[in-house]
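**Student:** Sending over a structure as structure tokens; questions will come in a sec.
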Amino acid sequence: MPLDALLRPPILIAALWILLPLLLAGFAPGRIAAWVNAVPQSLRLAAPALLCVPYALVAHTFHIFRWEWLALYALLPVAVALLLQQARTADSGARGNWRDFLVLAALGLAVDLRWFESAWPAGASAFGKMLLLDAGIYGFLAVRQLDGVGFDLQLKLRDLGTGLREFCLYAVLAIPLGLGLGFLHFHEAWPNPLRALGAFVFTFLFIAIPEELFFRGWLQNLLERRIGRTAALLLTAALFGLSHWNKRTTSFNGQYVLMAALAGVFYGRAWRAQRRVGASSLTHATVDTLWSLWFR
């Protein structure tokens, strides 16, 4: 999407609307659940319908508005909240209910298979992905009130230490493997420092945090309660790898799946060290940034 389009007031409002749940949950962990508990259940379950507003603003601005897409972005978050309210009631011990995994499967497949991308103008599909993330944030953190997620954007020094440790362990294995497979291609040029910093910040905020919250904070967290720590780590890593099956190609990209699954092991280790999404997001963002600058 061109920069001038992004600076239009409706698009800026839509972007802020989409970022608000992420920022509230990340910088005020615990409070969002308290706020939601203070309102009647009917209002609690209806509130996420407001996530349709960014679609309306963006679609109207680009003259591609369709009522069916508006209905989907209003009703899907409500359905997520309803299912997770039922999961909370049926599974008070939070061991993981079938509804939890149904919601995760629906959100994950919608992003991975690009089910809703046609609703958005070219270059704006990230809006749709972030709206699905918001539906999950509201459902799992505010309604389901899943514990042990570790979604706290107030980063600590230990997050940096854990994140960099797991990055180094991954790099020792991944760089020789990637070069041997022909997946990685080393570029000797030194990147512009501002470009490198910008790439890291963008990757951390819009790729690493959403993916780590989904795969580690929600999926691995729930799987641990059902199948144990090691099995949950490996299964989540495998699913994370498979979510990259169609990246950089129109067919199954086995090399990408393998490298991403291996990375998922170390992202999962970073998360479970202190059960903090910030730590795994730092590992994830460092891997992706250095790959894009030196090895793509």
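The numbers here are math on the coordinates, done by the rules we state, and not lab data. What you see is a predicted model, and the numbers here were worked out from it, not measured in a lab. Ideal geometry is used to build each Cβ from the backbone, glycine not excepted, and the neighbour counts take in all protein chains shown.
**Student:** Do any chymotrypsin sites (Phe, Trp or Tyr not before Pro) in segment 147-213 lie in a loop, going by DSSP, with at most 14 other beta-carbon atoms within 10 Å of their beta carbon, and if so which?
**Tutor:** Working: sites: 151, 167, 170, 183, 186, 200, 202, 204, 206; in loops: 151, 183, 186.
Taking segment 147-213 and a limit of 14 other Cβ atoms within 10 Å, the loop chymotrypsin sites (Phe, Trp or Tyr not before Pro) found are 186.
**Student:** Sort 32, 209 by Cβ crowding within 10 Å, fewest neighbours at the top. Walk me through the numbers before you get to the answer.
**Tutor:** Numbers: 32 18, 209 24.
Going from sparsest to densest Cβ surroundings: 32, 209.
**Student:** Suppose every K and R has +1 on its Cβ and every D and E has -1 on its Cβ; what is the size of the dipole of the chain about the Cα centre, in Debye to the nearest 20? Don't jump to the answer; show the numbers that get you there.
**Tutor:** Numbers: 25 positive and 16 negative charges, 108 e Å.
Value, rounded to 20: 520 debye.
**Student:** Report the Rg/Rh value for segment 109-233, based on alpha-carbon coordinates and the Kirkwood definition of Rh.
**Tutor:** Dividing the radius of gyration by the Kirkwood radius yields 1.00.
**Student:** For a quick check of your reading of the filter: which trypsin sites (Lys or Arg not before Pro) in segment 236-289 sit in a DSSP loop and have no more than 14 other Cβ atoms within 10 Å? Intermediate results must be reported in sequence, preceding the final value.
**Tutor:** On the way: sites: 247, 248, 269, 272, 275, 276; in loops: 247, 248, 275, 276.
Hits after loop and neighbour filter: 247, 248.
**Student:** Specify, per residue and in Å³, the volume enclosed by the convex hull of the alpha carbon atoms belonging to the chain.
**Tutor:** On the way: hull volume 41.0 nm³, N = 296.
Enclosed volume per residue, from the Cα hull, is 139 Å³.
**Student:** With a cut-off of at most 16 other beta carbons within 10 Å, and DSSP calling the residue loop, which trypsin sites (Lys or Arg not before Pro) in segment 1-105 qualify? Please list them. Let's see the in-between values first.
**Tutor:** Values: sites: 31, 44, 66, 88, 95, 99; in loops: 66, 95.
The qualifying sites are 66, 95.
**Student:** Given just the C-alpha atoms of segment 3-143, how large is their convex hull per residue in cubic angstrom?
**Tutor:** Values: hull volume 15.9 nm³, N = 141.
Taking only Cα atoms, segment 3-143 has a hull volume of 113 Å³ per residue.
**Student:** Could you calculate the FRET efficiency of residue 201 with residue 101 from 1/(1 + (r/R0)^6), where r is the beta carbon distance between them and R0 is 45 Å, rounded to 0.05? Don't skip to the end; give the middle numbers.
**Tutor:** Values: r = 32 Å, r/R0 = 0.72.
It comes to 0.90.
**Student:** Computed FRET efficiency, Cβ-Cβ of residue 172 and residue 246, R0 22 Å: what is it to the nearest 0.05? Please list the in-between numbers first.
**Tutor:** Values: r = 28 Å, r/R0 = 1.28.
Between residue 172 and residue 246 the formula returns 0.20.
**Student:** What residues from segment 128-142 fall in the zone where the backbone N is under 16 Å from a label point 7 Å along the Cα-to-C-beta line of residue 34?
**Tutor:** Of the residues in segment 128-142, 142 have backbone N under 16 Å from the label point off residue 34.
**Student:** Round to the nearest 0.05 the FRET efficiency obtained for residue 192 and residue 23 when R0 = 30 Å and r is the Cβ-Cβ distance. List each step's numbers first, then the result.
**Tutor:** Working: r = 29 Å, r/R0 = 0.95.
FRET efficiency, residue 192 to residue 23: 0.55.
**Student:** Could you work out [θ]222 nm for the chain from helices alone, using -39500 (n - 2.57) per DSSP H run of at least four and dividing by all its residues? Round to the nearest 500 deg cm²/dmol.
**Tutor:** Details: 15 runs with 194 residues, N = 296.
That calculation yields -20500 deg cm²/dmol at 222 nm.
**Student:** Taking amide H positions as placed in the peptide plane 1.01 Å from N, state which residues far from residue 152 in sequence (5 or more) or on other chains have amide H under 5 Å from it.
**Tutor:** 277, 278
**Student:** Please work out, to two decimal places, the log10 of the ratio I(q)/I(0) at q = 0.09, 0.16, 0.19 Å⁻¹ from a Debye calculation in which every Cα of segment 157-295 carries one identical scatterer.
**Tutor:** -0.25, -0.81, -1.14
**Student:** Kindly put 280, 92 in sequence by how many other C-beta atoms sit within 10 Å of each C-beta, fewest to most. It would help to have the intermediate numbers written out before the result.
**Tutor:** Values: 280 34, 92 9.
Ascending Cβ contact count within 10 Å gives the list 92, 280.
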